[in-house]
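Please read the structure below before turning to the comments.
The values are calculated or read from the model by the stated rules, or taken from the named source; none is laboratory data. Computed from a prediction, not measured in an experiment: that's the story for all the values here. Ideal geometry is used to build each Cβ from the backbone, glycine not excepted, and the neighbour counts take in all protein chains shown.
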Amino acid sequence: MQSTNPPNKEQTAQVLIRIYQELLAHYGPRNWWPSRSGDPWEIMLGAVLVQRTSWTNVERSLDRIEAAWGLAGLADPEQILSAKEEELVELIRPSGHYNSKPRKLRNLARFVIDAGGVKSLAASQASAAELRAALLSLWGIGPETADAILLYALGRPIFVADAYALRLASRWGLLPTNAIYNEIQALFMDNLPHDIELFGEYHALIVEHGKQTCRPRPHCHVCPLNRPLLVGVELERDVVWQCPKNYIAQEVRG
């Protein structure tokens with residue numbers, strides 16, 4: 001049967017897994033977070049630089065940093081602290097907000113250095129919640145940035161809940177459109193295995209899907225999810241689940 005009501009918990013988990021499988025099959029592995037140096041500090045840099053801008057602009061900033069300091073400069077938080085203000089501003093200018101981002105980067109660099117470096121921080125016995133609280137105490141580090149650092153740089157299984165995730169989840173009837181960050185994150189963390197690779201790949205796939213297809217004005221006609229997904233297989237009855245937004249659109253067209 002077709003269902004347009006919110007799925008129960010068992011169905012929610014299956015819907016999320018099926019969406020992940022379909023997106024992975026369509027877009028392929030994203031291998032996010034991209035890093036030219038291979039060092040987690042570069043990931044942390046990018047997590048701050050991408051605030052309120054596109055990744056294309058971040059790439060331009062990272063290009064400038066690499067040109068000025070080499071690949072080693074992308075792997076060394078000391079470079080951020082030792083750079084003159086005007087130099088740092090010019091290097092990160094493509095990412096915008098260059099009046100505030102240097103301060104954010106310096107705060108983060110000092111935090112990492114005081115912790116003994118990124119590797120020491122990643123190997124810390126502190127829980128993900130404790131590390132998250134420490135990151136959130138830094139000026140300019142919000143939940144999304146902190147969680148990106150925890151997942152991609154420090155290897156902690158935490159889901160990065162961004163606007164793309166809310167858009168997808170709300171269109172599938174899994175969340176209200178006004179859900180807050182913690183509610184978006186809980187949807188994924190309460191219904192999926194706490195697996196670092198899964199969380200990282202899923203987040204990256206959602207971002208790709210949100211950019212290409214599930215846009216503010218969605219391109220439902222080319223959406224890889226534009227067909228019913230069978231869920232509830234282990235329950236008393238099977239349920240065909242479909243994106244309610246697209247289902248309603250079909251009803252109107254029909």
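Below is a table of values for the structure above.
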quantity: Filtered residues of segment 193-208 (kept if within 14 Å of GLN21 (Cβ to Cβ) and touching a Lys or Arg at 6+ places or on another chain (Cβ under 9 Å)); calculated: GLU201, LEU205, ILE206
quantity: Selection within segment 136-159 - over 18 Å from PHE188 (Cβ atoms) and crowded, with 21+ Cβ neighbours inside 10 Å; calculated: ILE141, ALA153, LEU154
quantity: Residue identified as charged (D, E, K, R), assigned to a loop (DSSP other than H, G, I, E, B) and not assigned by TED's automatic domain parsing to the domain that holds ALA13 among ARG215, ARG227; calculated: ARG227
quantity: Residue count, segment 210-239 (criterion: among the β-branched types (Val, Ile, Thr), surrounded by 14 or more Cβ atoms within 10 Å (Cβ to Cβ) and modelled with pLDDT under 90); calculated: 2
quantity: Pick from segment 41-96, criterion part of a helix (DSSP H, G or I) and among the basic types (Lys, Arg), ranking: nearest to VAL160 (Cα to Cα); calculated: ARG60
quantity: Residue count for segment 157-192, restricted to those that are within 13 Å of the chain's Cα centre (by Cα), closer than 27 Å to GLN125 by Cα and not in a helix (DSSP H, G or I); calculated: 5
quantity: Qualifying residues in segment 51-87 (those that are of a type in the set (Val, Ile, Thr) and under 17 Å from the mean Cα position of the chain (by Cα)) - the one surrounded by the fewest Cβ atoms within 10 Å (Cβ to Cβ); calculated: THR56
quantity: First in segment 6-20 and over 15 Å from LEU168 (Cβ atoms), second anywhere and charged (D, E, K, R), Cβ under 8 Å, 6 or more apart; calculated: GLU10/GLU234
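Residue-by-condition table, conditions (1) hydrophobic (A, V, I, L, M, F, W, C); (2) closer than 22 Å to ARG215 by Cα:
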site: SER137; (1), (2): no, no
site: ASP147; (1), (2): no, no
site: TYR152; (1), (2): no, no
site: ALA169; (1), (2): yes, yes
site: GLU183; (1), (2): no, yes
site: MET189; (1), (2): yes, no
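The rows are residues; the columns are (1) crowded, with 20+ Cβ neighbours inside 10 Å; (2) among the aromatic types (Phe, Trp, Tyr); (3) at pLDDT 95 or above; (4) assigned by TED's automatic domain parsing to the domain that holds VAL112.
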position: GLY46; (1), (2), (3), (4): yes, no, yes, yes
position: LEU49; (1), (2), (3), (4): yes, no, yes, yes
position: ARG93; (1), (2), (3), (4): no, no, yes, yes
position: ASN99; (1), (2), (3), (4): no, no, no, yes
